[in-house]
Amino acid sequence: MHTGIRLKANVTDHQRLVLSQWMGCARFIWNSKCDEYRYHSVYARKYCPVGTYAPVDQQYSQFKNDELSPWLSDCPSQILRNSASNWFDTFQDFKHGRCGKPRRKKKTGNGSIHLTRELFRFDICADGVRRLFIGTKRNNIGYLSLKLHKSFEEKASLYIKKRHDEFWVSFCYDDGLDDGELLSQADHLKYLRGQTEAFLQKHIIGMDRGVKRPIQAGEQCFDFSPEQKRNMERSRRNLLRYQKKMSRQVKGSNRRQKIKVRLSNIHNDIANIRKDFCHKVSRVLVDQKDSRVFILEDLKTRQMTKRSKAKKDDSGRWLKNGGKAKSGLNKAILNVGWHLFEEFLKYKAHRAGKAWFKVPAHHTSQECAVCAHTHPGNRKSQEIFLCESCGHTDNADHNAAEVIKKRAISLVSNSGSELSKRGVLSLSDTGRGATDKSRRAKSPRAPCEEASKKKRKRAKDLPLDFSLEASPL
């Protein structure tokens, strides 16, 4: 199975300058291909017959000119070729509906270059250390200082990326795990349908993701450690301080550029804390012996974190819409990293031979895990859940985790449940196990009856000798 690895590179000042220039040349070729396609498309639409389209190829030599673009001669031609080839591959994916159309890249402090086998090699030096050599025989930057924290097989290509004024080397390699021997989601579902309810109760873990409790997995609650909270709070204070300082500086100045780099590093530190938390929690859950099936809610995070709409009264005055509170809620949701945790859990569970599914998320916080009574009044507060029907009292997040588990067991045991491409379990509309209501009979239409007066007769209004048509089994 292919897996990725990312290594931090400690570059010298000369290597930093040359790599930044190479990234600028690669971006120039990409933008030139975008501009060329746009020009040919407009020309073909205006002056050529119908059905004429702009050519899509991997050529880049027309952009190299000693007078207009002399800096391209200082960059290895393989980097320019790889940039044009990547643009062509992206356009092919766009034609097949796998991504969007290639767009121009802005000139920012970030960048990347794609290096193939001709431009790098791993050498074992005289001191026995394995080092990475970048460049060709005549045009190179020497050895990059990397910390190789694990063994891996060399691949045919790698990427060097610049993020937050730091350089990273990333590539994929085969870790020796055979993906064909691992079960798919459909195979896991087929296996679980043949198990008893006691087996499902023991090995299925329902997980609720929240703000106060980031991860509630069954009886276990996972939250950021005190050290992580302290570091994140310190980073937020520094973030506000540097943002205020940068707002008073002159745009384009060197000092403002230094503050921008510091701000990007602070954002990177906060993201690393969030990523570290998601990695550790997902690893703990996957390594548990009895945890074999992980159930998540099908959350729409993008819709949940939308800004509140502005409101006006009849006279045109702006009304309070709770925008400040909604902004704080959105920030708290995004800070936990729900989607990041989900992605980490998915690939780790798959590699461990365990299953994961999703269930619909509607009313999981309002449904009672004991009597299934659903009402907004059950959620007394953010923390307390008190059922109005049976009086069941529990923590709201723990109750939601139990509801998610019950839904998953019901859907897995039902032979009519289906599995979508995104891993969501739901009941099918037709077939064995469907839960559709019986079809209602329609009264015969009068030939002169107006369409606006047509009404469907209710089942209770039908005569006693009238029998409804039953749904198919």
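The values are calculated or read from the model by the stated rules, or taken from the named source; none is laboratory data. Note that the structure is a prediction, hence the values are computed from the model and not measured. A quick note on method: Cβ atoms are made from the backbone with ideal geometry, for glycine too, and the neighbour counts reach across all protein chains shown.
When restricted to residues that are among the hydrophobic types (A, V, I, L, M, F, W, C) and closer than 18 Å to Phe224 by Cβ, region 330-358 contains 9. Filtered by the rule that a residue be over 19 Å from Leu334 (Cα atoms) and either in a loop (DSSP other than H, G, I, E, B) or in contact with a Cys (Cβ under 9 Å, 6 or more places away or on another chain) (or both), region 302-323 gives Lys309, Ala310, Asp313, Asp314, Ser315, Gly316, Arg317, Lys320, Asn321. Taken over region 133-149, residues that are among the aromatic types (Phe, Trp, Tyr) and in a loop (DSSP other than H, G, I, E, B) amount to 0. Residue selection: Thr116 fails the criterion of being of a type in the set (S, T, N, Q) and either in contact with a Pro (Cβ under 7 Å, 6 or more places away or on another chain) or on the phi > 0 side of the Ramachandran plot (or both). The condition of being at pLDDT below 95, more than 30 Å from Arg193 (Cα to Cα) and surrounded by 13 or more Cβ atoms within 10 Å (Cβ to Cβ) holds for only one of Val250, Val211, that being Val211.
If you check Phe28 against the conditions, is it in contact with an Asp or Glu (Cβ under 8 Å, 6 or more places away or on another chain) and modelled with pLDDT of 95 or more? It is false that Phe28 is in contact with an Asp or Glu (Cβ under 8 Å, 6 or more places away or on another chain) and modelled with pLDDT of 95 or more. Restricting attention to region 111-132, the residues being over 10 Å from Leu158 (Cβ atoms), in contact with a Ser or Thr (Cβ under 9 Å, 6 or more places away or on another chain) and not in a strand (DSSP E or B) number 1. Consider region 320-335 and keep the residues that are within 21 Å of the chain's Cα centre (by Cα) and among the hydrophobic types (A, V, I, L, M, F, W, C). The one that is surrounded by the most Cβ atoms within 10 Å (Cβ to Cβ) is Ile333.
Would you check which residues across region 270-301 are surrounded by 14 or more Cβ atoms within 10 Å (Cβ to Cβ), of a type in the set (D, E, K, R), out of contact with any strand residue (DSSP E or B) (no Cβ under 6 Å at 6 or more places or on another chain) and within 20 Å of Arg407 (Cα to Cα) and list them? Within region 270-301, Arg292, Glu297 qualify.
Taking region 336-393 as the region of interest, how many residues are assigned to a helix (DSSP H, G or I) and surrounded by 14 or more Cβ atoms within 10 Å (Cβ to Cβ)? Give the steps one after another, and end with the answer.
Restricting attention to region 336-393, the residues satisfying the condition of being assigned to a helix (DSSP H, G or I) are 336, 338-351, 376-378.
Those left that are additionally surrounded by 14 or more Cβ atoms within 10 Å (Cβ to Cβ): 336, 338-342, 344-351, 378.
Looking only at that region, the number is 15.
Can we say Ile113 is touching a residue at least 60 places away in the same chain (Cβ under 8 Å), within 28 Å of Ser264 (Cβ to Cβ) and touching a Phe, Trp or Tyr at 6+ places or on another chain (Cβ under 9 Å)?
Here the answer is yes, as Ile113 does meet what is asked.
Residues that are exposed (fewer than 12 other Cβ atoms within 10 Å of the Cβ) and basic (Lys, Arg) were ranked within region 1-53; the one that is nearest to Tyr173 (Cα to Cα) is Arg6. The set of residues from region 72-87 being surrounded by 12 or more Cβ atoms within 10 Å (Cβ to Cβ), in a helix (DSSP H, G or I) and touching a helix residue (DSSP H, G or I) at 6+ places or on another chain (Cβ under 8 Å) comprises Leu72, Gln78, Ile79, Leu80, Asn82, Ser83, Ala84, Asn86, Trp87. Residue pairs whose Cβ atoms lie under 7 Å apart, sitting 6 or more positions apart in sequence or on different chains, and linking a residue in region 24-46 that is in the same structural domain as Lys106 (by TED's automatic domain parsing) and in contact (Cβ under 8 Å) with a residue 60 or more places away in the chain to a partner that is aromatic (Phe, Trp, Tyr) and part of a helix (DSSP H, G or I), are Trp30/Trp87; Lys33/Trp87. In this entry, Val359 passes the filter for residues that are of a type in the set (A, V, I, L, M) and under 30 Å from the mean Cα position of the chain (by Cα). Cβ contacts < 8 Å: first residue within 14 Å of Pro360 (Cα to Cα), restricted to region 295-307; second residue in a helix (DSSP H, G or I) and among the aromatic types (Phe, Trp, Tyr), any location; separation 6+ or different chain. Result? Every condition considered, the pairs that remain are Leu299/Trp338; Thr301/Trp338. Scanning region 195-253 for residues that are closer than 20 Å to Ala355 by Cβ, assigned to a helix (DSSP H, G or I) and without any contact (Cβ under 8 Å) to a residue 60 or more places away in the chain turns up Ala198, Phe199. Consider Lys155 carefully, then state whether it is under 29 Å from Lys348 (Cβ atoms) and without any contact (Cβ under 8 Å) to a residue 24 or more places away in the chain. Spelling it out, Lys155 is indeed under 29 Å from Lys348 (Cβ atoms) and without any contact (Cβ under 8 Å) to a residue 24 or more places away in the chain. With respect to Tyr159, determine if the residue is assigned to a strand (DSSP E or B), under 30 Å from Val261 (Cα atoms), aromatic (Phe, Trp, Tyr) and in contact with a Ser or Thr (Cβ under 7 Å, 6 or more places away or on another chain). Judged against the criteria, Tyr159 is a match.
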